[in-house]
2 protein chains.
Amino acid sequence: MLIGAVEAGGTKFVCGLGNEKGEVLDRVSFPTENPEKTLARVIEYYRDKQVEALGIGSFGPINIDRSSPQYGHVTTTPKPGWVNYPVLSELKKSFDIPIGWDTDVNAAALGEATWGAAKGLDSCLYYTIGTGVGVGVFAEGRMVHGLVHPEGGHVLTRRHPDDTYEGKCPYHGDCLEGMAAGPALEARWKVKGSELPADHPAWEMEAFYIGQALVSAILLLSPKKIILGGGVMHQLQLFPLIREQVRANLKGYVATPALEIGGIDEYIVPPTLGDNAGLCGSIALGLRAYEEARQS
Amino acid sequence: MLIGAVEAGGTKFVCGLGNEKGEVLDRVSFPTENPEKTLARVIEYYRDKQVEALGIGSFGPINIDRSSPQYGHVTTTPKPGWVNYPVLSELKKSFDIPIGWDTDVNAAALGEATWGAAKGLDSCLYYTIGTGVGVGVFAEGRMVHGLVHPEGGHVLTRRHPDDTYEGKCPYHGDCLEGMAAGPALEARWKVKGSELPADHPAWEMEAFYIGQALVSAILLLSPKKIILGGGVMHQLQLFPLIREQVRANLKGYVATPALEIGGIDEYIVPPTLGDNAGLCGSIALGLRAYEEARQS
């Protein structure tokens with residue numbers, strides 16, 4: 001079975017071809033232009049590919065409320081031409097197949113829960129920490145949508161006592177994204193994060209912010225696994241520092257082996273789907289849409 | 001159809017009788033003693049009541065992982081005799097009917113989503129703010145369990161700039177419960193919250209803490225309704241103050257009518273089931289267990 005997988009990013013689109021095992025068989029990518037041009041390339045790519053379903057993990061904010069007339073739209077993005085653009089219905093005009101549609105981070109969470117670091121679990125959180133911070137929420141076997149969709153990158157933070165940086169988020173200043181995304185790292189230390197040595201104090205401060213956000217997420221949602229991806233998390237020295245922060249902040253309140261020394265190394269982890277994480281997530285979305293269509 | 005509903009509290013147990021409309025037909029309550037004595041009274045109450053299902057909303061922490069051998073146990077409570085006590089299997093010995101089992105706050109969230117303030121919605125958060133702070137999470141039509149269960153009363157806070165109180169939580173000091181539960185109010189102001197006038201600055205500080213916790217919950221989970229119950233929330237002057245804090249902290253980032261002026265009055269609300277909230281939640285748990293048993 002062939003499934004089409006679209007990683008619809010604000011900077012580039014990746015179109016791929018996968019199967020029900022989560023294997024990526026082909027991929028192309030191109031820059032995101034206006035929606036008409038961009039979707040024309042998507043349609044062109046899949047025209048002769050015989051896919052039985054399509055999954056789209058999209059940049060946002062997007063409308064994922066199936067009962068809404070705006071379901072399938074990109075909504076309030078600053079990206080020219082994309083405001084309120086009906087991505088899903090435009091693709092449906094060309095492909096009469098089940099199409100799964102969700103945020104890129106929800107797709108990544110689903111992909112990791114299907115074939116990756118959270119394989120077989122019915123809940124996980126997927127954080128991407130890069131130029132921004134996004135959070136995908138998978139709970140009780142479903143992607144969480146709710147009123148709009150999770151925007152957990154903007155949760156409030158307690159400031160690190162040694163941190164005088166005001167924060168980069170244009171909305172909130174010192175929210176998680178404002179303090180811990182790549183641009184905040186660079187603005188605070190006057191050098192790109194990727195150029196800071198692994199033992200630089202920047203990483204302990206970074207772990208301070210990420211760790212506290214995870215603590216509140218663990219308390220509120222009790223996920224079975226937390227997966228941290230994105231460019232900043234390529235700094236693998238962050239993982240032990242973040243686990244330490246989480247334990248220091250929880251103070252033993254949640255009694256479970258997963259949060260104890262040893263257990264936590266398997267609880268807060270990198271994605272295992274690597275460069276295919278986005279495409280695998282979109283394949284999983286497509287597969288789920290296909291299965292739902294068969295059951296209904 | 002008659003459904004038994006148990007509010008299993010750490011201080012008192014309430015046993016009730018309800019129907020599939022969420023109507024409470026009878027109730028008794030008695031103090032929580034050791035588990036053997038207490039469950040004997042529960043069993044005695046339902047022995048001749050002909051209930052077709054039972055729902056139990058319990059004090060915690062409890063095990064609600066159906067795949068665990070400890071499913072149905074109270075786990076690490078300081079309450080004498082209750083540590084690792086198998087509440088559910090003890091009741092199953094007497095009643096061969098479907099029994100729903102969840103945290104008291106998840107039950108309350110389900111009750112409000114079935115018959116109350118979130119009626120018809122597939123997601124809501126239920127906060128009880130009283131001697132402690134508990135949070136029930138209902139998302140995508142299901143109670144969220146995860147690794148253990150939500151413990152959202154203990155999320156971290158940013159301190160109010162005028163607040164010198166160190167916090168009451170024995171684990172975290174100044175977490176939400178440590179700063180905003182009834183005992184924290186009393187310790188900070190040296191008088192019971194119920195005796196403070198409605199225009200006392202205590203309420204603005206209280207709203208500061210509750211509001212910021214709601215902001216992080218809205219960002220992480222995007223619930224369709226937030227219901228605030230418990231003794232502290234009998235101070236209805238808190239509602240407008242909390243809504244103001246939420247809007248001030250979100251800074252317009254999540255664009256949806258529910259969070260705009262006007263909309264937010266219907267978004268952050270008191271429970272509508274009033275004194276029956278706990279029992280209605282347990283009725284809803286029992287009803288759900290009954291329906292699941294029929295489908296399987």
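The values are calculated or read from the model by the stated rules, or taken from the named source; none is laboratory data. Since we're looking at a predicted model, the values are computed, not measured. Virtual Cβ from ideal backbone geometry, glycine too; neighbours counted across all protein chains shown. Side chains included, ligands, DNA and RNA excluded: accessible areas come from the protein's heavy atoms. Shrake-Rupley method; radii C 1.70, N 1.55, O 1.52, S 1.80 Å.
For the residues B:A207, B:A107, B:A255, a GNM of chain B with alpha-carbon springs under 10 Å puts the largest fluctuation on B:A255.
With its label point put 7 Å out from Cα toward Cβ, A:T256 sits 2.5 nm from the same residue's point in the other copies, in order from shortest. What the Cα atoms of region A:117-270 give is an Rg and a Dmax of 14.8, 43 Å. Between the alpha-carbon centres of region A:136-166 and region A:226-273 there is a gap of 16 Å. Pick from B:G16, B:G81, B:G134 the residue whose mean-square fluctuation is largest in a GNM of chain B, springs joining Cα atoms under 10 Å. Per the Cα network of chain B with a 10 Å cutoff, B:G81 tops the list. Taking Cα atoms, how many degrees apart are the long axis of helix B:277-295 and the longest axis of chain B, rounded to 10 and kept between 0 and 90? For B:277-295 against chain B, the angle is about 50 degrees.
Against the empirical 2.2 N^0.38 Å (N residues), region A:182-277 has a Cα radius of gyration ratio of 1.10. Principal-axis analysis of the Cα atoms of chain A puts helix A:238-250 at an angle of about 70° to the longest axis. Label sites at B:K92 and A:L25, each approximated as a point 7 angstrom past Cα along Cα to Cβ, lie 4.5 nm apart. Here the average projected area of the convex hull drawn through the C-alpha atoms of region B:228-294 stands at 6.3 nm². Largest first and in whole Å, the equivalent-ellipsoid semi-axes of region B:3-103 read 21, 15, 12, each the square root of five times a Cα gyration tensor eigenvalue.
Largest GNM mean-square fluctuation among A:L219, A:L88, A:L279, using chain A with Cα springs under 10 Å: A:L219. DSSP beta bridges fully contained in region A:117-270 are about 60 percent antiparallel. Inter-copy label distances for A:H200: 5.0 nm (label point placed 7 Å from Cα along Cα→Cβ; shortest first). If I fit a long axis through the Cα atoms of helix B:35-46 and take the longest principal axis of the Cα atoms of chain B, what angle between them do I get, 0 to 90°, rounded to 10? On a 0 to 90 degree scale, this one is about 70. Run through the DSSP bridge list for chain B and note the antiparallel percent, rounded to the nearest 5. Just about 60 percent of them are antiparallel.
Listed by chain and number, the lysines whose alpha-carbon sits under 16 Å from that of A:K168, ignoring those within fewer than 8 places in the same chain, are A:K190, A:K192, B:K251. With the convex hull of its Cα atoms as the shape, the protein assembly as shown has an orientation-averaged projected area of 26.7 nm².
Using a 1.4 angstrom probe on protein heavy atoms only, the contact between A and B buries about 4200 square angstrom of accessible area, both sides summed. Ranked from shortest, the separations from the 7 Å Cα-to-Cβ label point of A:N84 to its equivalents in the other copies are 6.1 nm. The Cα atoms of region B:58-138 define a convex hull whose projected area, averaged across directions, is 6.5 nm².
Along its principal axes, chain B has C-alpha extents of 55, 40, 34 angstrom, given from the largest down.
Note on the protein assembly as shown: antiparallel DSSP beta bridges, both residues inside, total approximately 60 percent of the bridges counted.
The trypsin sites (Lys or Arg not before Pro) of region B:170-257 that meet both conditions, a loop assignment by DSSP and at most 14 other Cβ atoms within 10 Å of the site Cβ, are B:K190, B:K192. If you take every residue apart from B:A198 with its C-beta less than 15 Å away from the C-beta of B:A198, what net charge results, scoring Lys and Arg +1 and Asp and Glu -1? After counting each charged neighbour, the total is -3. I'd like the distance separating the alpha-carbon centroids of region B:52-131 and region B:2-16, in whole Å. Region B:52-131 and region B:2-16 have Cα centres separated by 10 Å.
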